[in-house]
Structure formats: C-alpha cells, structure tokens
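The block underneath contains the structure these notes are about, expressed in structure tokens.
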Amino acid sequence: MPRIKKLFQLKYFSSLFEIMRKTSRKLPYLRLKFSHGIPAPTQFKFLKNSSFTDEVSNQTLVFHLEGALLKAYSLFPYFMLVAFEAGGLFRALILLLLYPLVWLLGHELGLKVMVFVSFVGIKKEKFRAGTAILPKFFLEDVGVVGFDMVMKYKTKVAVTSMPRIMVECFLGDYLGIHVVIGKELKEFHGYFLGLMEENMDPATMCINNIGLGCFRNSRYQKIFSRCKEIYLVTEAEKKKWPVLPRKKSLKPLIFHDGRLAFRPTPLNTLSMFIWLPFGFLLHITRIMVFMSLPFKVSGPLLAFSGMINTVSNSNVESSGEGKKRGMLYVCNHRTLLDPIYLTLVMMKSVSAVTYSVSRFSEVISPIKTVRLTRDRKTDEETMKKMLSEGDLVVCPEGTTCREPYLLRFSPLFAEITDDIVPVAIKLQVSLFYGSTASGQKCLDSAFHLTNPNPTCLIMILNKLPGWQTYNAGGKSKFEVANYVQGQIATALGFECTNLTRKDKYAILAGNDGIL
C-alpha cells in the first residue's frame, strides 16, 4: 500500500509540474505550499513583486543563490575564473576541454567535475579568488528584481550549490547576507582535494521559513523541505531582469584582482585560447616597436596594431620663465604603461617614477624609469634630480585602480615643483587586465599588450594656477594634492576616495604591497 501511494504521488507531481512547465512563460512567479515536511503543493498562483509587503519582512527567507539572485544558469564561468586565476592557464584549458562532459553529466555530477578540476592541489592559504576576483563577476550577474525581493526580508539565509568559500565574501560584504549554507571543500595538509563534504542537511533549518528559488531546478525539494511556502521564478523571467546597479549594493566595488576582463563562458574562453598565440606574437611585435623606433614612427604603427590612443587638449605646457627644470605631469594610475601612453601622445620622451615595477619591465621600458624607495627625503631628492633633467611623470595614487575611483593622492609631488600639469587617463581592455595585486607583476605589460585593441584616452588638463600651488601660492601640500585629485576626477567622471595603496593590497593580497 505505501508503494502504491508513493507511485501515485510521483504521478501526481509529474502531471502537476508538466502543467506548470506549459504555463511558466506566462507566470513569472509561482507559489507552492508544503505540509508536514513533504512537498505537497496545494495551490499555486501568479505572484507579483508588489505582493511582498511589510507583513513578511520580519520572516526568514531561505533563497537559492543561483536560482533566485543570479541571472545566469550556468556555473561554468565561476569555476573557470577559479581554474584560471588560482590554477593557471593549463588548468583552465583542461576545464574547457571537459566542458562537453560536464554538460552531458548534468548538474550534480558536472558540478563535482568542475570542483575537482578547479580546486585540486590549490593551497588554501593562498586562495583569494573568493575575496578578490569572484565578487566582481557575481555583482555583474545579480538581477535587480531578485535582489529587491531578497532585501525585503529581515532575516536571509543563502543556500548555494557552489563551495561556500566561493560565495561567502560576496554575500557578506556586498549584500549583507552572513548566513550561507553551502558545501565545504575537503583539504589535506592545507591543500584542497577537489572534493566537497556532503553537509547540507535541511533538517538544520528552522521550520516555517519562506523559500525562494528557480523553477527550472529540481533540487529545491531537499533545500526547501522545511519551508512552509516556496516562491519559484522561471528562467525566462530571470533573463528579463535588469542587472543590479552598482550603487544598490551595500558596499561599492572599488578593488578587484585577477587577469580576466571578460566573463569566461565556454564560448568566450574558447575564443581566448584561440586568440592567445596571435596575442603573444602581437605582444612581442608591440614591444619591439616600442623599443626600437622613434615615437613619431612607433605611434602610428602601434595604432595600426590595434592600440587606440586618443588625446584631449594636447597643448603641452612649457616650464616658462627661462627655467631649465622640466614639467611635472601628475596622472591617475590605470596601468604600468601610463607614462608610455603619455609619451606617445606628446611625441617627446619623459621620465617616470614608480613604487613597484619588476626588473623585466624596467629593462624593456622605452623611457627612463626610476623606482622610489618610500623614504620621503630620498624620494624627494630623486624626483628633483629627474626634474632638473627633463619632464617627469608621477602617479601619486601609488598603485592602479580599475574601477571609476581615484585613490588618495600622496602629497609629495606638491612640494617638488609648482609646474604641475594634471593628466586624466581612462583605459579600456577586452581580454586581460595589465595589473595585479597578488600575481606575477613581471607579466603585467605582457597581459596588457596581448589585448586585441586596448583603448587609452589621455586628457592633458590645464597647468595648475600659481595661486593653487605649494611654493608660490602658499597652499598646503594636502590642499594641492586634493585639488589635483579633484580636477582629474571631474575630467573622468570618477569618484574620489581616501583609500590608499595599503588598503588595496590588504584587501586583495593580504599584505602591504611592498616587494
């Protein structure tokens, strides 16, 4: 008799869900009720977003991250990010080649394959993809409708199929969700084994919660078995959701690391691997043009190779008053090649100072580059000496920032000279970022020059008026630094911050950034 009843229930659910599939395109949200801990829907109906009123805001919401919040259904891009950034190019290639198998195996087995390939052999202590890389891509995949629904509940519990280490930082820092139920990764002597512990027990959840997930998945019977109600959203409706505006997240995304500048879907990743041989040859060619040809010749050739450099207000200021000292160009910092881009648009050689640059980058640089010591007096003497020899470029942020923010400007440059020209730089890349906080800095220029068409906009602003300088104008060095920062931020449409180089490296690399 129990066996007959079980078969009857399976037949009932099969018929019910077949009806729901046919109506799912018309019903963006479906409401299901559970009784006695066993899925037994008694009614389902159309549910508008406005139905979420204050009367439920004090209840607990248990929602599935991939089903209720993220627009994309496939988890492959997130594991590709882990494989490429934490494991390297060869591991990423293996994961890409195994993608057909992952697709054929289905969600559960395919997920285990992706976890194993992405994590096996990775040292737990050095794994920072979950804090420094993945949050950017998660934020770009959050649907604003799902976000609004989740945020209306006072208490929120996130359930994920991915390893918890991949999502807990994103959920906690940017969405304010600190209760995350996910699988833990097994480890041996500090290294991940690529296996997940089966510790997702729905019995540990409180009863009478509200459940929120995606209609397409069949895993919600286990996840939401103790919820009194469940709301399902269809895949078709999720695709219509606008992406969450950055300003709506609880914390702005200012810093992120990693080399990949695109979302590594299977097709995009395949395109990257096809491009890499050509990109490597293009990178070598661009370096040779940089080093061997004069700027008036190398500029057009580099533009022909895809490096798009544009300049605004390119009238180059002179020192004036018969001074032999050079002009100090103060730039925001987007990439290691910022001084070279400025040299190309001005058609004259300038020197540059930097806080951290690899020996390899110094050797291949077509302009003179001097490393600062972070000792105030020593660095001041070095910059004055270089200014006496010609024009100098300095990036007072001290490190690169990829997002539309400016870090706090170090005021040292304000004391060196009154001949200051602010320069605003905006950079766009399509494949790789040419900067890193925790990776190999010697490869920064290589990754940047491997991009098919890196685009750089140089805006040379007006020279600082005398009344706004340190020596002639009587302004404090901090006032001058803040004024220059504000001028560059206004030109770019960026936002000024008080964050520093140390803040960036503490967040992304867990150190102070000193090599």
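Some points to look at:
- Check on K463, touching a Cys at 6+ places or on another chain (Cβ under 8 Å) and among the charged types (D, E, K, R): no
- Residue check for I425: touching a Lys or Arg at 6+ places or on another chain (Cβ under 6 Å) and among the hydrophobic types (A, V, I, L, M, F, W, C): yes
- Test: residue in region 100-118 that is surrounded by fewer than 17 Cβ atoms within 10 Å (Cβ to Cβ), in a loop (DSSP other than H, G, I, E, B) and either hydroxyl-bearing (S, T, Y) or touching a residue at least 24 places away in the same chain (Cβ under 8 Å) (or both): no
- Of all the listed residues (A92, A68, A83), the sole one being assigned to a helix (DSSP H, G or I), touching a Lys or Arg at 6+ places or on another chain (Cβ under 6 Å), modelled with pLDDT of 85 or more and among the aliphatic types (A, V, I, L, M) is A83.
- Within region 302-323, residues that are closer than 20 Å to V429 by Cβ and β-branched (V, I, T) reach partners that are open to solvent by 60 Å² or more (accessible area, probe 1.4 Å) and at pLDDT 85 or above with beta carbons closer than 8 Å, at six or more positions or on different chains, in the pairs I308/N453.
- Answer residue from region 462-501, given it is closer than 12 Å to S410 by Cα and among the charged types (D, E, K, R) and is surrounded by the most Cβ atoms within 10 Å (Cβ to Cβ) among those: R501
- Checking the stated criteria, A446 turns out not to satisfy the condition of being open to solvent by less than 50 Å² (accessible area, probe 1.4 Å), outside any loop (DSSP other than H, G, I, E, B) and more than 30 Å from A86 (Cα to Cα).
- Scope region 62-96; condition open to solvent by less than 10 Å² (accessible area, probe 1.4 Å) and in contact with a Phe, Trp or Tyr (Cβ under 8 Å, 6 or more places away or on another chain); matching residues: V62, H64, G67, L69, L70, F76, P77, Y78, L81, V82, A92, L95
- Selection status of L134, out of contact with any Cys (no Cβ under 7 Å at 6 or more places or on another chain), touching a residue at least 60 places away in the same chain (Cβ under 8 Å), within 30 Å of Y505 (Cα to Cα) and open to solvent by less than 70 Å² (accessible area, probe 1.4 Å): no
- Some residue of region 494-502 being under 24 Å from F127 (Cβ atoms) and free of Cβ contacts under 8 Å to residues at least 60 places away in the same chain: yes
- Every residue from region 430-446 that is within 18 Å of the chain's Cα centre (by Cα) and either of a type in the set (G, A, S) or at pLDDT 95 or above (or both): S430, L431, F432, Y433, G434, S435, A437, S438, G439
- Note on region 137-161: among residues that are among the charged types (D, E, K, R) and in contact with a Lys or Arg (Cβ under 8 Å, 6 or more places away or on another chain), the one that is most open to solvent (accessible area, probe 1.4 Å) is E140.
- All of (1) touching a Lys or Arg at 6+ places or on another chain (Cβ under 9 Å); (2) modelled with pLDDT of 70 or more; (3) open to solvent by 20 Å² or more (accessible area, probe 1.4 Å) hold for I210 with one exception: (3).
The values are calculated or read from the model by the stated rules, or taken from the named source; none is laboratory data. Just so we're clear, the structure is a prediction, and the values are computed from it rather than from any experiment. Note: ideal-geometry Cβ built from the backbone for every residue, glycine included; neighbour counts use all protein chains shown. What goes into the accessible areas is simple: the full protein's heavy atoms, side chains included, and nothing from ligands, DNA or RNA. Shrake-Rupley method; radii C 1.70, N 1.55, O 1.52, S 1.80 Å.
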